[in-house]
Every structure is written in structure tokens, then in C-alpha cells.
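**Q** The structure is given below, and queries will be raised subsequently.
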Amino acid sequence: MLTRDVMRSTTRGFERYYNPVVGNAVRLDTNTNVLGSNPAAYEFLKHPVDGLDGYPNTYSDNLRDALAGLYGLERENFVAGNGSDEMLDLIFKTFTEWGDMSTIPVPSYTLYDYFISVNGGKTSFVDLTEDFQLDVDAMLKPKSKIMLIPSPNNPTGNTFRSKDLEEILTNFDGIMVVDEAYAEYAEDSMLKRVNEFDNLIVLRTFSKAYAMAALRVGYAVSNLNVAGMMNDVKIPYSLDKISELAATAAVKDQSFIERSVSMVKEQRPLLMDGLRKLGFEPFPSDANFILARAPIDHKVLVDGLKEKGVLIRDFGSKRRTENCVRMTVGTKELNDMLLEKMAEVIDGC
């Protein structure tokens with residue numbers, strides 16, 4: 001029998017990503033849009049799509065044109081592909097050599113280190129400050145080729161200060177990637193500033209506010225020079241025709257995004273208040289989820305909710321998020337149900 005020694009050395013320690021048995025459980029663990037499928041995309045998918053015998057557009061020009069119109073940029077500022085995960089992988093394939101160092105803050109998105117390692121890189125982990133903001137000097141200290149910064153940050157939920165991002169961009173010799181997966185819910189964004197900096201890449205996804213996670217659509221935005229390099233390296237045809245056209249339809253109808261963002265901004269403080277009344281310590285959030293320190297053991301809470309048909313995400317065993325859990329902000333009905341089930345689990349301890 002083959003052992004794991006047959007694997008590439010940088011991947012032998014990998015473990016499978018979070019993959020719970022869902023059944024009929026209510027999912028408040030993935031931060032997708034609780035209002036359901038994107039209406040414009042869903043309407044598009046109800047009709048037959050011609051030309052399934054041919055390849056999709058090589059670089060998803062229809063979608064890139066729609067995004068350019070939405071943000072006031074050019075088509076060639078955009079790189080579109082199979083989720084923002086492909087964009088992360090593409091960044092390392094385009095700009096790093098085997099053994100290059102990349103810097104990521106702690107805590108942040110758990111898959112960053114995966115993409116660094118699978119591309120033969122090394123990771124420098126830099127702790128955020130006590131209020132989960134960037135320690136600029138510490139972030140700049142490692143001699144890195146790539147810096148990955150999610151804003152709003154996952155799992156903490158807060159955006160990073162614009163002045164800190166600008167200071168890093170100005171003083172960093174490598175490429176800074178600002179992952180804005182949840183930016184529709186926040187006030188600040190670096191997307192429209194990509195032409196100001198020659199080393200800035202912004203990532204976006206259709207999986208969260210756009211409610212299209214099943215179709216796996218994401219994109220990168222940068223200045224024409226950097227985006228051009230990425231498109232030269234990107235796998236041709238990586239975004240299928242159906243997903244591209246559904247995403248294009250969604251971009252052209254922003255009413256669902258506006259409704260989704262409005263719901264989160266209304267319900268987020270109410271859910272935080274409800275959590276505090278149960279003894280949680282919720283952290284400030286600019287996203288559609290909340291990280292909170294639990295009043296009982298994190299595993300007992302998560303397992304107890306699972307038994308009651310509700311899934312939330314457990315971060316309680318990770319550094320800097322000890323005994324913390326993360327939950328998606330739902331509708332009033334979903335939030336009330338979540339708080340009720342939490343109270344039952346807590347009272348049962």
C-alpha cells in the first residue's frame with residue numbers, strides 16, 4: 001500500500017476541509033445569504049442555455065464587462081474564474097517561486113495557508129492587535145512576496161482601517177491581496193482604488209451576498225498590468241458558460257444585494273444584543289456573521305445546537321479565538337430560533 005510519502009512534501013500534512021453531515025439542519029455556519037438563491041441568477045437558470053457543445057468565453061468577457069460597468073473600471077482590470085479560491089491559487093502560480101514567503105494575519109481565513117503550501121510556499125503568521133486590527137509594523141517585518149488580508153476579516157468580522165492598508169501598500173515591496181469576500185456588507189472597500197497602487201489585488205466572490213455559492217464564481221481586480229499578468233497565467237475556460245451568464249444577470253440587478261445588505265444591517269445589532277443577554281461576548285462585525293466568545297464550553301455549545309438541528313462554526317480551539325463560535329446573521333425568525341436553541345443548550349449545562 002502506498003504511504004503518504006508518495007505525496008508532494010508540502011501537502012502530506014493536509015487534512016480535509018470542514019465538511020459536516022448536514023441532513024435537515026439549518027445552516028448558520030457558512031455565511032451564505034439566508035434570503036435564498038439570487039433571483040436574477042435563478043430566473044436565468046430557468047431557461048435553456050444554447051451552445052452547450054461549445055466552450056465558454058475564454059476569459060469570461062461578458063461578466064468582466066458587467067463588473068467594469070458596475071465599478072467604473074475597464075474589462076481588463078478584472079480576472080474572473082471558478083470562485084475566489086481559484087483566484088488565490090492563481091496569484092501564487094503567477095507571482096511566487098517555490099519557497100517564497102507569504103504573510104497572513106492571525107486569526108484569518110483558514111484556507112490561506114493551504115494555498116501557500118500547495119504552491120510550495122512558506123507562511124509567516126502575524127498576530128492581530130487585541131482589538132483584531134492590523135499591526136502594521138509586524139506585518140511589514142517578514143520578507144514576504146505576498147501578503148493576504150481579508151477585510152472584513154473572517155472569522156472576526158471587522159474591517160481593517162484604510163490608513164493601515166494604505167501604509168502597508170506604500171511600504172510593502174510585494175503584492176498585497178485584500179480579500180473582500182464580505183465587502184458588500186461593509187462600508188469600506190479598496191476595490192475602486194486598484195489603479196492607485198501597483199501592488200494591490202482585491203478579491204470578490206458571488207458566494208456570499210450574491211447568494212450563488214453553488215455556481216462557484218469569483219474574481220480578482222487589479223491595475224491593468226497586474227491583472228494582465230494573471231490573465232496570461234489563468235487556466236482558459238475555467239469559468240463555465242452557465243455560471244458566467246448567471247453571474248452577469250445577477251450583477252445587472254443590484255436590488256437583491258441592496259435588500260440583503262439592509263436585512264443584515266438591521267438584524268446584526270439585534271442578534272448581538274440577544275447574544276449578550278445569554279452571556280456571550282460578541283465582537284464588532286462589519287460582515288454577515290458574528291464571532292462571539294461563548295458562556296459555556298464551545299464544543300458543548302456547537303454539539304448541542306447540532307443535536308437541535310442548527311449548525312454554527314466552532315473556532316474555540318484555535319489561537320486568538322479561544323472558546324469562540326461564529327454564526328451567520330439570519331432573518332429575525334432565524335435569529336430568534338438560534339437564540340432560543342442556544343438558551344436551551346446553555347440552560348441544560
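**Q** What spacing in nm lies between the two simple spin-label points modelled at C349 and R193, each 7 Å away from Cα in the Cβ direction?
**A** About 4.1 nm, to one decimal.
**Q** Sequence neighbours fewer than 8 away in the same chain don't count; with that in mind, list the aspartates and glutamates whose C-alpha is under 15 Å from K143.
**A** Once the sequence-local aspartates and glutamates are set aside, what remains near K143 is E97, D100, D173.
**Q** Moving on. Mind pulling up the Rg/Rh value for the chain? Radius of gyration and Kirkwood radius, both on Cα.
**A** 0.96
**Q** May I pose another question? For the chain, what's the relative contact order in percent, using C-alpha pairs closer than 8 Å and at least 6 residues apart?
**A** Contact order relative to length: 23 percent.
**Q** A further question on this structure: Of the heavy-atom accessible surface of the chain (probe 1.4 angstrom), what whole percent is carbon and sulfur?
**A** Using a 1.4 Å probe with all protein chains present, the chain comes out at 50 percent carbon and sulfur.
**Q** I've got another one for you. Starting from the Cα of K163, draw a straight line to each of the lysines and keep only those under 17 Å, dropping any in the same chain fewer than 8 residues away.
**A** K192
**Q** If we restrict to alpha carbons, what Rg and Dmax does the range 14-110 come to, in Å?
**A** When restricted to Cα atoms, the range 14-110 yields Rg and Dmax of 18.3, 48 Å.
**Q** Here is a follow-up. How much accessible area per residue does the chain have, counting only protein heavy atoms and a probe of 1.4 Å, in square angstrom?
**A** Averaged over the residues of the chain, the accessible area is 46 Å².
**Q** Taking the Cα centre of the range 238-307 as the origin, how large is its charge dipole in debye, to the nearest 20, when only Lys and Arg (+1) and Asp and Glu (-1) carry charge on their Cβ atoms?
**A** 120 debye
**Q** On to the next question. Taking the chain as a Gaussian network, where each spring joins two C-alpha atoms under 10 Å apart, which residue of R64, R12, R268 fluctuates the most?
**A** So, out of R64, R12, R268, the one fluctuating most is R12.
**Q** Let me ask something additional. Quick one: plug the Kirkwood hydrodynamic radius of the range 104-161 (C-alpha pairs) into Stokes-Einstein at 37 °C, 0.692 mPa s, and report D in µm²/s.
**A** Using the Kirkwood radius from Cα pairs, D works out to 280 µm²/s.
**Q** Sorting check: for 272-285, 108-121, which peptide has the highest mean count of neighbouring beta carbons within 10 Å, and how do the rest follow?
**A** Final packing ranking: 108-121, 272-285.
**Q** Choose one of Y71, M101, G83: the residue whose Cα lies farthest towards the positive end of the charge dipole of the range 57-102 (beta-carbon charges +1 Lys, Arg; -1 Asp, Glu; about the Cα centre).
**A** Toward the positive end, the furthest listed residue is Y71.
**Q** Continuing with this model, one more query. With Kirkwood's inverse mean 1/r over C-alpha pairs for Rh, give me the Rg to Rh ratio of the range 193-349, two decimals please.
**A** 1.07
**Q** For the chain, set up a GNM with springs between Cα atoms under 10 Å and report which of D53, D240, D297 has the largest fluctuation.
**A** D53
**Q** Next up: Note down the relative contact order for the range 1-146 as a percent, whole number, built from C-alpha pairs under 8 angstrom at least six residues apart.
**A** Worked out over the range 1-146, it gives 18 percent.
**Q** For the range 203-344, what relative contact order do you get, as a whole percent, if you take Cα pairs closer than 8 Å and at least 6 residues apart?
**A** 17 percent
**Q** Could I ask something else about it? Tell me which GluC sites (Glu not before Pro) from the range 183-253 have a DSSP coil assignment and no more than 16 other beta carbons within 10 Å of their own.
**A** E187
**Q** Any chance you could run the full-extension gain for N225 through L70? It's 0.36 nm times the residue separation minus the Cα-Cα distance, nm to one decimal.
**A** 53.7 nm is the gain from fully extending N225 to L70.
The values are calculated or read from the model by the stated rules, or taken from the named source; none is laboratory data. Computed from a predicted structure; not experimentally measured. So basically every Cβ, Gly included, is an ideal-geometry build from the backbone, and we count neighbours across all protein chains shown. Just so you know, the surface numbers come from the protein's heavy atoms only, side chains and all, with ligands and any DNA or RNA stripped out. Shrake-Rupley method; radii C 1.70, N 1.55, O 1.52, S 1.80 Å.
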